[in-house]
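**Q** Can you read through this structure? Questions will come right after.
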Amino acid sequence: MQPGVSFVALRGMPEVVAGADLATLIRAALVETGMALREADLLVVAQKIVSKAEARRVRLADVEPSVDARDLAAKVRKDPRFVELVLRESREIVRAVPDILITRHRCGWVMANAGIDRSNVPGGEDTVLLLPLDCDASAHRLRAALAPEFPAIIISDSFGRPWREGTVNVALGVAGYPALRDLRGGHDREGRVLQTTQIAQADAVAAGAGLVMGETTEGRPVVLVRGLDFSGPLTDGQRLIRSREGDLFR
């Protein structure tokens, strides 16, 4: 990342509904903010509005929990219908204790409740929002829809982290940006060969955007980022997921 990087939250984004054209809404928000897209811009877009546009909203009343979901719900003290959705969205259960359910999402992320959320979702406690089917694909579609500038896109969500309190914005989907910069084989200032250094650039950008995006009632789900270094191979968000073989704590 270069000096002089700026993060500007766009104003005027409305409540997003199923089928909404995010590219059109973003362009209107850019006008409202007094800005226009340039080449080499990057947009950080909250996962929640992507999920809303892609009709990933589910009413718990429409969910029939399985026997497995009911048994697990009793253990973690959660709604069996909610647990059923978590199981459908997950590859495996990583941790299940009272009030906590951590799984490996079907896309590979290890996260609480498979990323299913109720906050800022119209419809009351009976309505939840699932993650997009494929965040990288969603990022690439949005980038293409924002031609001719083709800004890079990061679809972000807030994650808890092992051994750290609090949540921070991370990248789920990435298009047009080097999500992970591999510096192995290079040298530090003392001439030593770098053995393990890889920089999670997309996560760093998502975290910076989270500072101006907000987490509660702010209503600023899109952030325009300028001044980034785009050098290096372009990689999708999936590149940021550590393999099971590399997970030393399982």
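**Q** I'd like the residue in region 1-32 that is without any contact (Cβ under 8 Å) to a residue 60 or more places away in the chain and in a helix (DSSP H, G or I) and, out of all such residues, is nearest to the chain's Cα centre (by Cα).
**A** Leu25
**Q** List the pairs whose first member sits in region 102-118 and is farther than 13 Å from Pro132 by Cα, whose second member is assigned to a strand (DSSP E or B) and acidic (Asp, Glu), and whose Cβ atoms are under 6 Å apart, counting only residues at least 6 apart or on separate chains?
**A** Correct list of pairs: Arg104/Glu92.
**Q** Quick test of your reading of the structure: Met111 fulfils all but one of (1) closer than 24 Å to Pro221 by Cα; (2) buried (at least 20 other Cβ atoms within 10 Å of the Cβ); (3) modelled with pLDDT of 95 or more. Name the failing condition by number.
**A** Only one criterion is unmet by Met111, namely (3).
**Q** Evaluate the following for Arg81: is it out of contact with any strand residue (DSSP E or B) (no Cβ under 6 Å at 6 or more places or on another chain), touching a residue at least 40 places away in the same chain (Cβ under 8 Å) and more than 24 Å from Ala179 (Cβ to Cβ)? Please lay out each step first, then the result.
**A** Details: out of contact with any strand residue (DSSP E or B) (no Cβ under 6 Å at 6 or more places or on another chain): yes; touching a residue at least 40 places away in the same chain (Cβ under 8 Å): no; more than 24 Å from Ala179 (Cβ to Cβ): yes.
The answer is no for Arg81.
**Q** Listed residues Phe159, Phe150; which is part of a loop (DSSP other than H, G, I, E, B), assigned by TED's automatic domain parsing to the domain that holds Arg27 and buried (at least 16 other Cβ atoms within 10 Å of the Cβ)?
**A** Values: Phe159 fails: part of a loop (DSSP other than H, G, I, E, B).
That would be Phe150, the only listed residue that is part of a loop (DSSP other than H, G, I, E, B), assigned by TED's automatic domain parsing to the domain that holds Arg27 and buried (at least 16 other Cβ atoms within 10 Å of the Cβ).
**Q** Could you grab me the full set of residues in region 116-140 that are crowded, with 19+ Cβ neighbours inside 10 Å and under 12 Å from Gly173 (Cβ atoms)?
**A** Hits for region 116-140 are Leu131, Pro132, Cys135, Asp136, Ser138, Ala139.
**Q** Then there's this: Could you check, for region 166-178, whether at least one of its residues is at pLDDT 95 or above, assigned to a loop (DSSP other than H, G, I, E, B) and within 28 Å of Asp21 (Cβ to Cβ)?
**A** Yes.
**Q** Looking only at residues in region 40-94 that are in a loop (DSSP other than H, G, I, E, B) and of a type in the set (A, V, I, L, M, F, W, C), which one is farthest from the chain's Cα centre (by Cα)?
**A** In the first step, residues of region 40-94 are kept if they are in a loop (DSSP other than H, G, I, E, B); the result is 40-41, 54-56, 63-66, 77-79, 89.
Okay, now just the ones that are also of a type in the set (A, V, I, L, M, F, W, C), so 40, 55, 63.
Details: Ala40: 21, Ala55: 16, Val63: 25 Å.
Checked region 40-94; the qualifying residue farthest from the chain's Cα centre (by Cα) is Val63.
**Q** Condition check: over 19 Å from Ala175 (Cα atoms), at pLDDT below 95, out of contact with any Cys (no Cβ under 7 Å at 6 or more places or on another chain) and not polar (S, T, N, Q). Does Gly34 satisfy that? Talk me through it step by step, then tell me what you get.
**A** Details: over 19 Å from Ala175 (Cα atoms): yes; at pLDDT below 95: no; out of contact with any Cys (no Cβ under 7 Å at 6 or more places or on another chain): yes; not polar (S, T, N, Q): yes.
It is false that Gly34 is over 19 Å from Ala175 (Cα atoms), at pLDDT below 95, out of contact with any Cys (no Cβ under 7 Å at 6 or more places or on another chain) and not polar (S, T, N, Q).
The values are calculated or read from the model by the stated rules, or taken from the named source; none is laboratory data. What you are looking at is a predicted structure, and each value in this text was computed from that prediction instead of being measured. As a convention, Cβ positions derive from the backbone with ideal geometry for all residues, glycine included, and neighbour counts pool all protein chains shown.
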